[in-house]
Amino acid sequence: MRYAVLITGPAGAGKSTFSSSFITHLSASKRTGHLVNLDPAADPARFEYEPVIDIKDLISLEDVMGELGYGPNGGLVYCFEYLLQNMDWLEEELGGYEDDYLIFDCPGRAGGDVYRQILIDFSPGQIELYTHHPFLPTLVQNLQRMGIRTCAVYLIESQFMEDKYKFFSGVLSAMSAMVNLEIPWINIMSKMDLVTRNADDPSGGARNGLRNRRNLARYLDPDPLLLATTQGEPEAPNPRFHALNQAIVQLIEDHPLVSFLPLDLTNSDSLETVISHIDYTMQYGEDEEPKEPHDLDEGDFQDLE
């Protein structure tokens with residue numbers, strides 16, 4: 001069984017850093033993950049782990065902008081549409097790992113039969129690619145057709161908690177992406193080390209302002225109406241948008257789909273918790289067949305004498 005994790009979210013949310021940490025953690029756990037890059041504008045120097053499959057081997061943003069005269073945003077969309085027209089290329093690339101673990105980001109398991117895991121670092125931060133463009137849903141359908149069990153994680157950074165209406169916009173984008181993809185989904189509040197105290201940091205950490213557990217809980221499992229009426233926080237700067245803000249809050253309240261897992265990459269337990277949730281979401285390892293031990297003979301006991 002192969003597994004794929006799509007790493008999504010707005011620009012600057014920490015998708016590439018999370019992908020690298022994901023693979024490092026799997027390696028330390030005797031599990032194997034391989035990175036698949038779907039960013040046609042990615043700088044190869046930024047990857048801690050070299051992608052085993054890279055969209056730039058098929059098409060690059062630089063070539064599209066140079067030869068077709070597209071801008072960066074239109075060029076990205078063109079690259080992804082080109083990939084959709086050439087899904088046989090991706091299927092062929094994935095077929096080369098028939099006896100390996102793969103990660104799109106996906107985890108491997110220790111020992112026994114091979115469970116291929118794919119980690120897809122979908123680094124472009126164009127939010128429309130997640131919320132309403134058909135690229136990702138079509139990609140997911142093709143992965144599932146190949147027998148790859150797929151889920152997605154959506155990262156927003158902890159700075160979204162600085163302003164409640166900024167937070168609501170992040171929740172709304174996550175909700176839109178969830179509805180667009182229709183696959184098992186985990187929302188992650190990244191860069192939590194910027195809002196929590198770090199004993200190993202000489203400055204104490206919390207560079208974006210220290211928040212206590214109660215305050216964090218209000219955002220990780222949000223009650224939109226309660227957040228919107230919190231006393232002591234500034235209201236929307238323009239009163240004319242108050243009704244719009246309230247309508248957005250009511251929409252989120254009526255469709256309570258979004259909650260967040262905190263992610264602090266300076267804390268291995270935090271990363272382990274997130275990966276455990278991903279394993280559970282995809283039912284990782286449930287199809288594994290029991291493996292019978294090999295027959296023992298006298299030579300197996302010589303080292304014990």
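The values are calculated or read from the model by the stated rules, or taken from the named source; none is laboratory data. On a predicted model such as this, the values are computed, not experimentally measured, just so you know. With ideal geometry, Cβ positions are generated from the backbone for all residues, glycine too; neighbour counts draw on all protein chains shown. Surface areas here come from the heavy atoms of the whole protein model, side chains and all, with no ligands, DNA or RNA. Shrake-Rupley method; radii C 1.70, N 1.55, O 1.52, S 1.80 Å.
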Other residues with Cβ under 11 Å from the Cβ of Ala247 give, with Lys and Arg +1 and Asp and Glu -1, a net charge of -2
Using a 1.4 angstrom probe on the protein heavy atoms only, line up Glu253, Glu157 by accessible area, largest first. Glu253, Glu157
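If r is the Cβ-Cβ distance from Glu93 to Leu251 and R0 is 35 Å, what FRET efficiency results, to the nearest 0.05?
E(calc), rounded to 0.05, equals 0.30.
Grab the other residues whose beta carbon is less than 9 angstrom from that of Ala13, score K and R as +1, D and E as -1, and report the net.
Local charge sum for Ala13: +1.
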How far apart, in nanometres, would the label points at Thr266 and Leu68 be if each is projected 7 angstrom from Cα along the Cα-to-Cβ direction? 4.3
Mind giving me the FRET efficiency for Asn86 and Ser259? R0 is 25 Å, r the Cβ-Cβ distance, nearest 0.05 is fine. 0.10
A chain fully extended from Thr138 to Glu48 at 0.36 nm per residue, minus the present Cα-Cα distance, gains in nm 29.6 nm
Given the protein chains as shown and a 1.4 Å probe, how many square angstrom of Asp63 are accessible, to the nearest 10? 80
Would you list Tyr70, Tyr78, Tyr165 from the most to the least accessible area, probe 1.4 Å? Tyr70, Tyr78, Tyr165
